[in-house]
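Data first, discussion second: the structure below is written as structure tokens.
The values are calculated or read from the model by the stated rules, or taken from the named source; none is laboratory data. Every value quoted in this text rests on a predicted model; they were computed, and no experiment measured them. Virtual Cβ from ideal backbone geometry, glycine too; neighbours counted across all protein chains shown. When the accessible area is computed, the model is the full protein with side chains, heavy atoms only, and any ligands, DNA or RNA have been set aside. Shrake-Rupley method; radii C 1.70, N 1.55, O 1.52, S 1.80 Å.
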Amino acid sequence: MTDGDRDEPMASTTLNVMTMFGAGALVVFVVIAYAVTHSVALTGFDARDFDRRQSTVTAAGKRMFEGLSLLGSPASMTILAVAGAVWLLWKRRGLLLASWVTAFAGANLLVVVLKRLIHRDRPVGAELFLHGPSLSFPSGHAVGAIVGFGMLTYLLSVCWINGDRYRNHLVVLATCTVALIGFSRLYLGVHYLSDVIAGLALGLAWLLSCIVVTELAYRSRVRIRT
């Protein structure tokens, strides 16, 4: 199986919608990043929201959300990235392999660079759960989860799943998983709300960029062959 062994490229309308959503998500991230570094109102809201949420935390809830949080951890995303890359290499899906590796590596690089650039401290007490100090903005779990599960959904849709109904079910499942991972970081008290929302926005912008570029590249290949 090669990159040519697949259905038609995505419709232009779909790519245009993805581009608009990606651009909108990027704007959301930039606005939040600016507010985090310049707005006392946002940081004050984050602190109040954090205090309210932590007052409702239970031991049972923590155990449950610790498990959900692991789904979006760097270790889990690394395993997913390596497994997907090996499978794509075995199937000789060169274009999808390049897109897959770029998506995961780029997401990790964005998180590392932006955490150091924004340099926001974690909420008080987060270092106890994380076993050491680290930076808070944006949420690496949120970025990794939306890129990882988003690319997995895209890969399954391209390679295995036929029919919009099943693709839609897969999108809903991935969306719910990402949302739960994002909320788990809030429940566990290791991020502020703006960290997670910004992480989701950044991850969505990067995910859609990778998919759109991949589809445009595939469309170009099909045009050359025909």
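Quick look at the values:
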| quantity | calculated |
| --- | --- |
| Gly106 being in a helix (DSSP H, G or I), open to solvent by less than 30 Å² (accessible area, probe 1.4 Å) and not hydrophobic (A, V, I, L, M, F, W, C) | yes |
| Selection from region 107-131 of residues that are under 17 Å from Gly203 (Cα atoms) and touching a helix residue (DSSP H, G or I) at 6+ places or on another chain (Cβ under 6 Å) | Ala107, Val111 |
| Test: residue in region 126-136 that is touching a Cys at 6+ places or on another chain (Cβ under 9 Å) and touching a residue at least 24 places away in the same chain (Cβ under 8 Å) | no |
| Search result, residues across region 82-96 that are buried (at least 20 other Cβ atoms within 10 Å of the Cβ) and assigned to a helix (DSSP H, G or I) | Gly84, Leu88, Leu96 |
| Options Ala85, Ala81: the member that is without any contact (Cβ under 8 Å) to a residue 40 or more places away in the chain and closer than 30 Å to Leu96 by Cα | Ala85 |
| Filtered residues of region 31-78 (kept if surrounded by 13 or more Cβ atoms within 10 Å (Cβ to Cβ), hydrophobic (A, V, I, L, M, F, W, C) and within 16 Å of the chain's Cα centre (by Cα)) | Leu68, Leu70, Leu71, Met77 |
| Spans of helices (runs of 4 or more DSSP H) in region 109-215 with at least 3 residues in contact with a Leu (Cβ under 9 Å, 6 or more places away or on another chain) and crowded, with 21+ Cβ neighbours inside 10 Å | 140-159, 164-187 |
